[in-house]
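A short write-up of the structure that comes next.
The values are calculated or read from the model by the stated rules, or taken from the named source; none is laboratory data. What you are looking at is a predicted structure, and each value in this text was computed from that prediction instead of being measured. For neighbour counting, all protein chains shown are included, and Cβ atoms are generated from backbone atoms with ideal geometry for every residue, glycine included.
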Amino acid sequence: MKLLPILIGSSGIFASNGTTEAPVGSFEVEKPCDGESFGAAVDVKLANETEVEEIQLNYIGLAASVNGKTCGKKLSTQVLRKLAKENAPKIVFKCKKTLKGDVVKVFAKGKKKRCADFSKVSVISRQNVKWFDKGAHQFNAFGWMPVSGTVSNWRIEMEFNHPVSDVKCWKGKPKKLSDDGRTWELQPMPYNKILNSKFNFDFLAKSTSDGVKATTWWCHDGIENDSGSSKPEPTKPIPVKTVSTSKIPSKNNGNTTPAPKTNPAHERDTISSNSSFDKLSYNKASKDHCKRAAGNLKTQSTTTISFEPASKEEKEKTKYDLNNVLHKSILFYEAQRSGELPANNRVKWRGDSGLNDGCDIGYDLTGGWYDAGDYVKFGLPMAWSTTTLTWGMIEYGDAYKAAGEYENALDQVKWALDYFVKCHIGKDQFVAQIGHAKRDHEYWGRAEEMRMSRPTYIISPKNPGSDVVGESAAALAAGSLLFRETNPKLADKYLSHARELYALAKNYKKSYNDAIPLITEFYKSWSYEDEIAWASAWIYRATGDQKWKNIAEQDYSNFGIQYSGVESTWDSKKPGTMAVMLQATKNSKYASHLASYVDSAMRARKTPKGMVYVQKWAPLRHATNIAFMALQAAMAEPKLPKASQYFQFAQKQLNYALGSSGRSYVVGFGQNNPKEPHHRGSSCPPIPQTCDWAQSGRGPAPWVLFGALVGGPNEHDKYTDSRKDYIANEVATDYNAAFQGLVAGVKCKLIGDACKVRNYSRPSINLPLPPGKSSSAGSSSPPLPTKATSAKDTSTQEFKNGNFEQSDNGWICNGCNGKRVTQAHQVHSGKGAWEITGRQGAWAGPAQDFKFGKDLLPGNEYISEIYIRPQGNDQKADKFIMTANIEFNNGKPVWLPIASTNARTKQWTRLSGKITFDYKVQDVKKIRIYVEGPPKTRTFSIDSASLKSAHAAPERTTARPVHTTRKPTKTTTARPVHTTKKPTRTTTKPKLTTARNWNNPFNSSKNPFVGIERKGDITVYAEKPNGGNCGYPKFSDETTKFFVALPKPMWQDGLNCGRCVEIDCTAGNVGTNCDKGKRTVAMVVDSCPECHEGDLDLSNAAWDKVSGNAGHSRFKANWRFIECPNKFMMKETFEFYFKEGSSKWWLAVMPLNHKNKMKTIELKKSNGSWQKLAFGEIDSFYWKGTPQVDNFDLRFTLVTGESITHKVTKVTANTYIDTKKQF
C-alpha cells in the first residue's frame, strides 16, 4: 500500500497521477485563519480509479472534522468506509491557529481502485462455536465470499466490537492492524494468492470479552476473466479407436488447420509388424466408475505392523533395524494410495477415494498416489518417485527379499505404474495431473470425503510437457526391467508405453509449465532436457538394444548431462542419468562423470551434526537423495577409487535421518520420532467425528503415518515437531523414494554375499525406434523428422543485422510495419532498434528467413535470443512468443515454439530459447523465425537479436579424464572438458583450509568469505547494467563493466543483489578451452528467468574477459560467491538509499556498498524492541517499513553476523545516507 498525493481545490480533493507521497497538491492560505473552515465536500471514492484508505494532515495547526465531529490529524480507514456508504460524504478542514502564508500538505493513503468497493462486497461471516478456556473467551467463526472471474492479492479485514488478543487462520496469515486488537487483517497464503471460485475461510479468535462480533470487508487487486488456456485439453472424451488429429493454430489468420495424420508404430519403423511392441492398447473411454460415490470409508482401525526383525549381527553392522524401516516406508506409500483399495490393504484407517477421477473427460483414471499431505495427483513427482523406488528394487532386490518386503514393494510400484498406463489415453495424449492444486489445498479433511471438482490436465502436441511425459516413460521402462523375470507380458506392456511416451516428449520438446495452470507454484520444472535423457537411458538399460544406446548417448551429449548442480530431485535427473548410463554401459566416461558429481556433492555445506544442507525446504529429502546417488557410485562396477568413501558418506546421511543426530525423522520409527506430520488424512480423528481446518493445528496425529520421512531440520540442526511447520514437517512421496532405496542399498552392502547387486543384468530386446511426429512420405503431411547427419555448425550469429546498427535489412515485418529507431531511450544496445507498429493480429511480428542446409544445419542445436520492449502507459505484462515456421517442399508447414516470456511496458526483456531442426535438407524449403503473441494493438521494439550454435551435433564421445597431469590434446568432442591447466591460477583465490569454521561458513573480514563452488553454463546478455531487477539507481565504474544475472533458482527474490561472484571458464566451443580467458569477478545486478540453476548471464565485458574475447556463445564455467573487492564499491563506506516517496509513514530502504550478502534490516521501535523490515514486497532490492516517527535507528546485518546501526533524524525521499562506517 502506498501514500498517494492529493490536490486541494475548489472542487474538493482528488488523487493525482503520482504513485508516491510527494505533495503534488499544496496551497497557501489566502487570509489569516483562526478557527474558520475551508475546503469543500470530499468524495472518498477519489478520481483516477483510486480508493482512499486514510487521509493524513502534516500541519500541527490543522484538523479535520466529519459531520461536526473533530477527527484530528488522521482520518482512519473505518471513518472513510462509513463515509463511503453515505450519499453526500463531507470532510471539512479547520484551522486552530493562523496559517497565513504557510503551505499545507494533505496526503491520502490508498491504492488503485482495482479493488471492489467495500460497501458493495458481499461477505458472509458468522460465529460457529464458542467456549471459555484459560480466562478468555474463544470462538470459531467462518465465512465465505463469492468470486467472479479470477482475483489476486486479496485480503480480508475484520473489525471486532471488542478487543481480540489472538487470531488463528489456516487459509490466511493474520495480522493485527490496531493496537487495541479490534482490527485484524487476513493475508493470503502462498498457495491461495489467486482465487477463481467461492472462497471459504475459518478462523479461531480469543478475547477477554464475551459477545464478540465482527464486521468483515474483503478487497483484492483486480478481476480477470479465466482464459481458455487454463482448461484441460481436450474437454470431451477422446476417440481412441482411430488416432486423433490435434489442431495447430494457423499463423497467418488465426484459424486452425488439422495437424498431420499419424500412422501406427509398425508403419513408422523397419521392424517387422508382428512385433509384440506394436500391439499397444490405450486406456479406453469409460464412465462406469462415475456412477458411484467418490469415496467410501465405513470403518477405521490402526495400521497392521508385521515385519521380520533384523538379526542381532546385522543390527550391529547397520546400527538400526533396517527391516523395520523398509516395512514402514512401504506402508507410507500404501497410506498415499488413491482409488479402490485392495483387500490386502494394511493401512486400516484409509478407505476408497478419488473414485470419480477422470469423469470430466470420460476415462477411468483412478489409482496412483496422492502427492503429500494433500490430494492432488501431481504427475512429475509421482513418476520420479516411481522410477527411483523401482531403481532401488532393481539394484537391491535381495535386500528387500531378506527383509521379507519384496512382494509388498512390488505391489506399491505396480500401483503407480498401472496408473501411468491408464494416463496414456491415446497416441500423443497423456494425463499429467488430476486435481486443481489451489482448490485442493483449501480443503483440510479426509480423502474419502472430499467433494471438490478434480479436473484432468492432459499433455498433447498442442500442450507439450516433455518433463512429465519423459519422467513417466522412464518409470515405465524401469518397471519393465523390474518385472521382466516374473511377468514378461506386463514388462512388454510397460516398455511399449515407455517407447511412445518418449516419442511424445522428444518430438514436442517443451516444459509442462504452460500446459498446467498453477503448476509453477507447486512443482515448477526448470528444464525438460534431463527427463528426455533419463528416459532414453532407462529404455536402453531395459532393452540392451544398440539403437537405443545410440539415442541415449546422443541425448546425454546433446543435453549436457555431465554438467550437473548438486541437487538430485524430481526436477534434476542429471546425476541419476549418469549412474544409469554407467550401469548400462560400464563406460568409464560415465564413471568419471558420476564420481565428479559425488565428489562435489560431498563437499557441499553441512549442518553441525553432518547433514548435507542444500536448501531450507525439506533439507533431509535433499540429503538422502544425494546419499542415494553416492550409494550408486559406491556399488558401481568396475569399482571406483573412492567407493568406500562414497559408502561411508551415504550411510552417515541415512543414520542422520534414522536417529544419529539425537532423534529420528521417520514417523513411527526410532527415538523421539515426529508425531505431527503435515498430512491431512492422518490428522483426522476417527469417524464419525468431523475433520476440518481445526485439525491442521498442533497435536499428535490420531493415526500414525508409519514410515514417512519428514522435511527435517534447518541448517543449524534445529527442528520443531509441528504440523503447522510445513517446511520441516511436510511429507511427500518423493521424500521417501531415494530414502527407501538408500535403506535397501546400505542393508545390501552390509549383509554381504546374501545380497547381489544386479545393476548390470539386462535383457536383449529389439524395441522399435520411437515414432516420429508425422506419417510416411507420399501424404500431404510434412516429412518425418530424422536425426540427419551434417557438418558441425560453430557459427556465433545467424540473424542478419541483429543489432540494427545501420538499417533493418534482412528483416521482414510479418503482417505489420517496421521502422528503425535510434534515440537512446529506444535502443537496448548499440545505435538502433526496430519498432513494430500496425500489427494485423496477435500473430503479426518481426521475422527473418533462413536457408536450411546453408544458414541452419540439421542436427545442430541453436540458441535464439531477441530483446523486446513493449510500449504503452499501462503496466500490463503481455506474453511474447518466439516461433519457428518450417515450410516444406511437399506437405503442410509446421510451427515449433522456441521460447516465451512475459514483458512489461517500457522495459527491455530477453526472449531466449533453444531449438534443433531434425529434418532432411532436401525436404525443407525454408525456415522462418519470428516474434508474436501480444494483442495486435500492442506496439513493441526488438533489438540485440542473436541466433547462434549452442554446440556441434555429436559425432562421437570420449571419456572425460578423472585424473591428468597435463593438458590433453584437442579433440572434436562437442564439449571440451576442463583440464588441470586452468586451476593453476590459485594464488589470487583465498584458500579454504581445515581451519575454517564450517559451523559458520562465513569468514571474518580478515579471512574473506568464499562460497561453495558451483557449475553451469555462462552466456552474455548486456553491455550496461541499467534496468536490472535489483533496481540500483547508480553503480561503481567496475560494476558498470562487470556485472551478472543470476538464475531464478538462486535469485532468492533479490536477496543476492549486490553480491560478487568469481568465475572461471572451463570449456568453450569445439577447439577451444578458454585458454586466453582470465578469472573474472562480477556483481549481481539482475535475474535470468531462462537460466537453469548454476548458470550465469554475463555482461559483455565480463564475457570477454572470462572467455578470452571469444564470440558470444554458451560456455561452461565454475563459479563461487566471494566478498566484493573494494573496486566494486562506489565509496569506502556503507550507505543506503531512501526510495522516492519515502517518509516516516512509509519508507523503502536500499542498502549499497556492502561486500557480503545482506541478511536483515531492522527498525528500532519506541519500546526499544527491533522490528524487521519486510523484504520482497516491493520490486527491486528494497526493504519496506513504517516507522511513524521522525527519529529512529536502522540496523543493517550481513549473513556474516556483522552489523551497522545508523540513527535517522529525518526521512528524505530520493536521498543517499552515508553511515561513515563499513562492515
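What to note about this one:
- Answer from L1147, L1163, L1152, L1173 - the residue that is more than 27 Å from G1027 (Cβ to Cβ) and surrounded by 14 or more Cβ atoms within 10 Å (Cβ to Cβ): L1163
- Scan of the stretch 260-309 for residues that are at pLDDT below 80 and within 23 Å of G354 (Cβ to Cβ), ordered by number: N283, K284, A285, S286, K287, D288, H289, K291
- Residue check, E1162 among the charged types (D, E, K, R) and not in a loop (DSSP other than H, G, I, E, B): yes
- The sole residue among S564, S588, S600, S596 that is in contact with a strand residue (DSSP E or B) (Cβ under 9 Å, 6 or more places away or on another chain) and surrounded by fewer than 21 Cβ atoms within 10 Å (Cβ to Cβ) is S600.
- S1143 free of Cβ contacts under 8 Å to residues at least 24 places away in the same chain and either part of a loop (DSSP other than H, G, I, E, B) or among the aromatic types (F, W, Y) (or both): no
- Hey, K547 part of a helix (DSSP H, G or I), at pLDDT below 95, surrounded by fewer than 21 Cβ atoms within 10 Å (Cβ to Cβ) and charged (D, E, K, R) or not: yes
- Any hit, the stretch 1146-1164, residues being in contact (Cβ under 8 Å) with a residue 60 or more places away in the chain and closer than 22 Å to D179 by Cα: yes
- Residues satisfying the stated conditions in the stretch 1121-1140, i.e. assigned to a strand (DSSP E or B) and under 32 Å from the mean Cα position of the chain (by Cα): F1121, I1122, F1136, Y1137, F1138
- Some residue of the stretch 1185-1194 being surrounded by 16 or more Cβ atoms within 10 Å (Cβ to Cβ), in contact with a Ser or Thr (Cβ under 8 Å, 6 or more places away or on another chain) and more than 30 Å from S912 (Cα to Cα): yes
- Listed by position, the strands (runs of 3 or more DSSP E) enclosed by the stretch 151-243 that each have at least 1 residues that are at pLDDT below 80, more than 27 Å from the chain's Cα centre (by Cα) and outside the structural domain of Q429 (by TED's automatic domain parsing) are 155-160, 199-207, 214-219.
- Residue count for the stretch 874-888, restricted to those that are of a type in the set (S, T, N, Q), at pLDDT 85 or above and surrounded by fewer than 17 Cβ atoms within 10 Å (Cβ to Cβ): 0
- Test: K879 is in contact with a strand residue (DSSP E or B) (Cβ under 8 Å, 6 or more places away or on another chain) and farther than 24 Å from S1113 by Cβ: yes
Here's the yes/no breakdown for (1) of a type in the set (K, R); (2) closer than 19 Å to I1217 by Cα:
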{"position": "W1119", "(1), (2)": "no, no"}
{"position": "F1138", "(1), (2)": "no, yes"}
{"position": "K1155", "(1), (2)": "yes, yes"}
{"position": "L1163", "(1), (2)": "no, yes"}
{"position": "A1174", "(1), (2)": "no, no"}
{"position": "D1179", "(1), (2)": "no, no"}
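- So Q583, is it out of contact with any strand residue (DSSP E or B) (no Cβ under 8 Å at 6 or more places or on another chain), outside any helix (DSSP H, G or I) and crowded, with 22+ Cβ neighbours inside 10 Å: no
- Filtering I1204, I1161 for residues that are at pLDDT 90 or above, within 26 Å of D1037 (Cβ to Cβ) and of a type in the set (V, I, T) leaves a single hit, I1204.
- Among residues of the stretch 1195-1218 being of a type in the set (S, T, N, Q) and surrounded by 17 or more Cβ atoms within 10 Å (Cβ to Cβ), the one that is farthest from L1055 (Cα to Cα) is T1200.
- All helices (runs of 4 or more DSSP H) inside the stretch 611-722 with 1 or more residues being within 25 Å of T302 (Cα to Cα): 680-683
- Residue, surrounded by the most Cβ atoms within 10 Å (Cβ to Cβ), within the stretch 418-428, restricted to residues that are under 15 Å from E500 (Cα atoms) and at pLDDT 95 or above: C423
- Pairs with Cβ under 6 Å, 6+ apart, first in the stretch 153-181 and farther than 23 Å from R698 by Cβ, second of a type in the set (D, E): N153/D221; R155/E185; E157/E185; P163/D180; L177/E185
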